[in-house]
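Structure first, then comments.
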Amino acid sequence: MPTHPSKYQKALQIQREISETLNKSTDLQEMLQLSLERLLDLMELETGWIFLTEDETSYELISSQHLPPALENNREQLMYCNEGYTDCACLQLYWEGYMNQAVNHVKCARLEEATDNDMGETRGLTHHASIPLTIRGKKIGLLNLASPGRRRFHEDDLVLLETVAYQIGAAVERTRLHLQQTEEEVHAIAHYLVDAYANAEKINRQIGNILNRSELFHKFMQELHDHLPAWTNAAIITMEQGRLTAQFCLDHHGPKEVFDVEQAINLDQPDIVRQAYIQQHMIQGHEQPLHFVSLKDHAPLYSIALPLFMPERPEEMFGVLLLSRSAVLCGHLEIGMLEVLANHLSMGIERLRLHQEWEALLVDKERNRLARDLHDSVNQKLFALSLTSRGLQGLIDEKEHTTMEAVLELQQLSKEALTDMRGLIWQRRPGHLDQGLISSLTEYAQKIGVELSIEAPDDLDLKQSCQEALWRIGQEALNNIHKHAGTSKATIIMQLDPYDFTMRVMDEGNGGAIEKRQSLGLRSMKERAEELQGFFHMNSKKGEGTTITVRVPVHK
């Protein structure tokens, strides 16, 4: 014969299944609805509903199952809070302290009102059992159960229902605490992000007018330290002479300038800085080694590397912004804020570049104006002076040697001045590099009377700014040969390798120019090379000629 489970076994089964049902969902309403349905099924009951309450001023119908039509069809009027707990007998008993355990037989004011006002079928229900949902003395709500034809519950059933009610109350409290904690965390993150975006804008305003590169980096790091202190370590790494170079670092002491070069750029080694630079997108890492000695403090931290470039010119990468801290990253919202920050720094670097170009255009404009003025006035007067001195030569008696020598000297000086002036006007004319660096240097040498030979690669793939600087350096060197070397011959040798371009300007003249190192021309050549992060050297021993060497990094 089949063995029927004992009441004890059935009670354990109900508790176990209710517990499992309560863990099926994290949504409070769904969790309670499923649990109510399962409880009614296991205890062979028809109707039930659960009220949740925060205080005695209000309550909420959170779940219900098989309500009689009178209650189901008049939910707004009969099942929702209108006057606090006073419109409901069971809730009034609950809040006034008369319901500390399951109550077997409570006359339902809602069913009574529905009957009195002929509001629909009640299925003969007039009473229900009420079980308080209480956890550690805190009132959470009520569980009401009813079934047609059943007026009372057995004492064992009430004990079981109290146990189930405790399970439900604990689940409700746990879910509420979880939702409260989640909400607090969301608010905290939202508050952090709002402050972070505001601080990012403050940083942008602070660096917006800086037109000096070192000052820009230092100010950015200082503002980062002041307004985003959660990021305890930071670094700005830029591309210099074909190599990634750490320029500025930030730690708990504040910002400081550094110079730390990474010799190779490839993806063979797991370095988030190189990956961010080459792949042109954000890279995150935790406890990753970085191939910069000055960035060793970042190694044990959570780090994020953000590429620095302008979206409209992705091929021109400035470098990488590296940020690190001990806490984990907050997700895509914070990363979005950090990308905004990197964009602000990229715009600052781009603004410097545009300002330099603007200054160069102003210089070229002034040079062109000067060239026109020289051509229109001084050049014409020198030409007239040359013609006048030649005419005087024919009018002077050959016996007047002193006068003749003065006229001949005047004629030679005016000829030399005219040659210099034509060379000066030519080198200042617009579009002087349109024909290329080699052709421009060759033509300029012809203008000033220097016989020039050039050895160079067939294809000089150099940036315009680099060609401009090399042209000015070559022009100054040829001028010095014309004026001071005591020779009219010069040689220029150009060499190009994957990283550097080298130009040597040589003559076999007097030499000895080493003594004039502080002259304006030499200082100008040196400064132009250094502006390109390059190298300038002059070797000029007396009697052995002069060699000027310029080496600059290649930026294709």
Search result, residues across the stretch 54-74 that are part of a strand (DSSP E or B) and touching a residue at least 12 places away in the same chain (Cβ under 8 Å) = Ser58, Tyr59, Glu60, Leu61, Ile62, Ser63, Ser64, Gln65
Working only within the stretch 13-53, note down all residues that are touching a Pro at 6+ places or on another chain (Cβ under 8 Å) and part of a loop (DSSP other than H, G, I, E, B).
-> Glu46
Which of the residues that make up the stretch 497-522 are closer than 16 Å to Phe536 by Cα and modelled with pLDDT of 90 or more?
-> Phe501, Thr502, Met503, Arg504, Val505, Met506
Kindly indicate whether any position in the stretch 424-435 is out of contact with any Cys (no Cβ under 8 Å at 6 or more places or on another chain) and modelled with pLDDT of 75 or more.
-> yes
Contact list, first residue from the stretch 343-367 and under 18 Å from Arg313 (Cα atoms), second anywhere and hydroxyl-bearing (Ser, Thr, Tyr) and not in a helix (DSSP H, G or I), beta-carbon distance below 9 Å, six or more apart or interchain, is Ile349/Thr238
When every residue in the stretch 63-86 that is loosely packed, with under 15 Cβ neighbours inside 10 Å and hydroxyl-bearing (Ser, Thr, Tyr) is compared, the one modelled with the highest pLDDT is Tyr80
Quick one: Asn480 ticks every box in (1) under 45 Å from the mean Cα position of the chain (by Cα); (2) in contact (Cβ under 8 Å) with a residue 60 or more places away in the chain; (3) surrounded by 14 or more Cβ atoms within 10 Å (Cβ to Cβ) except a single one, so which number is it?
-> (1)
Of (1) under 19 Å from Glu334 (Cα atoms); (2) surrounded by 21 or more Cβ atoms within 10 Å (Cβ to Cβ); (3) touching a Lys or Arg at 6+ places or on another chain (Cβ under 9 Å), Gly285 satisfies all except one. Which?
-> (3)
Sort out which residues of the stretch 87-122 are surrounded by 14 or more Cβ atoms within 10 Å (Cβ to Cβ), part of a loop (DSSP other than H, G, I, E, B) and either touching a residue at least 60 places away in the same chain (Cβ under 8 Å) or hydroxyl-bearing (Ser, Thr, Tyr) (or both), and write them in order of number.
-> Ala102, Thr122
Looking only at the stretch 498-512, decide whether some residue is surrounded by fewer than 15 Cβ atoms within 10 Å (Cβ to Cβ) and under 13 Å from Ile438 (Cα atoms).
-> no
Among the numbered conditions (1) in contact (Cβ under 8 Å) with a residue 12 or more places away in the chain; (2) loosely packed, with under 13 Cβ neighbours inside 10 Å; (3) of a type outside the set (S, T, N, Q); (4) not in a loop (DSSP other than H, G, I, E, B), tell me where Trp471 comes up short.
-> (2)
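The values are calculated or read from the model by the stated rules, or taken from the named source; none is laboratory data. Since the structure is predicted, the reported quantities are computational estimates derived from the model, not experimental observations. Note that we place each Cβ from the backbone using ideal geometry, even for glycine, and neighbour counts take in every protein chain shown.
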